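Q: Got a structure for you, questions after.
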Amino acid sequence: MKRGQSYHMGVSREILIMGADLNRPRMRVEYERVSQFCKGFSFKKKTLAGKEVLDRVEGYFTIEGRRFGLRIMIPKNYPYEIPRVFPLGWRPQGAPHQYCGGDLCLMRPEQWNEIYSLAFVIKKAQYWVHKYLKWRMTGKWPGRSQD
């Protein structure tokens, strides 16, 4: 851990939205966090009632030489509701921490806090993929389970 750096739920507090950032436009701060901490990820828009609306973040990353894609769907009442995260271009086979709709179970919904950023969600999802790969090799999901 770097001097002066602290962690929350396994990620650096720098990735959270707190302090002076609470007085700035939320999506501007989100864009900065994703750009800084999540290389390979970008915001995507859809047209809704004639207006372009940011509705997701998509991107790719590499673990153990394999490329994985993620699609993070931003809910309408974000940041007060946890985004849904889906594999993009791949399908986890039989994963124990995945909802029947295909989205990844990163945490219990009641654990979600509005200080969490989309970059936080991406990092948690990348960690999920790492655990998934370990589970595929060993048959045991690493770490504490929240079942």
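Just so it is clear, none of the values below were taken in a lab; they were calculated from the coordinates. Keep in mind that this is a model prediction, so the values were computed, not measured. Note that we place each Cβ from the backbone using ideal geometry, even for glycine, and neighbour counts take in every protein chain shown.
Q: Cut-off under 19 Å on the C-alpha distance; same-chain residues fewer than 8 positions from Lys140 excluded. Which aspartates and glutamates are left, in chain and number order?
A: Glu64
Q: From Cα pairs below 8 angstrom and at least 6 apart in sequence, can you work out the relative contact order of the chain, rounded to a whole percent?
A: Worked out over the chain, it gives 19 percent.
Q: Need one number: convex hull volume per residue for the chain, Cα atoms only, in Å³.
A: Roughly 137 Å³ of hull volume per residue.
Q: Rounded to the nearest 0.05, what FRET efficiency is calculated for Ile115 and Arg28 with R0 set to 22 Å and r the Cβ-Cβ distance?
A: On the way: r = 16 Å, r/R0 = 0.73.
FRET efficiency, Ile115 to Arg28: 0.85.
Q: Lysine pairs in region 7-136 with Cα distance under 15 Å, only those 8 or more apart or on different chains: how many are there? Don't skip to the end; give the middle numbers.
A: On the way: Lys39/Lys123; Lys39/Lys124; Lys44/Lys76; Lys45/Lys76; Lys46/Lys76; Lys51/Lys76; Lys123/Lys131.
The number of close lysine pairs in region 7-136 is 7.
Q: Just to confirm the number: angle between the C-alpha axis of helix 26-37 and the first principal axis of the chain, 0 to 90 degrees, nearest 10?
A: That works out to roughly 50 degrees.
Q: Tell me what the chain gives for mean residue ellipticity at 222 nm when only DSSP H runs of n ≥ 4 count, each as -39,500 (n - 2.57), the sum divided by the residue total, rounded to 500 deg cm²/dmol.
A: -7500 deg cm²/dmol
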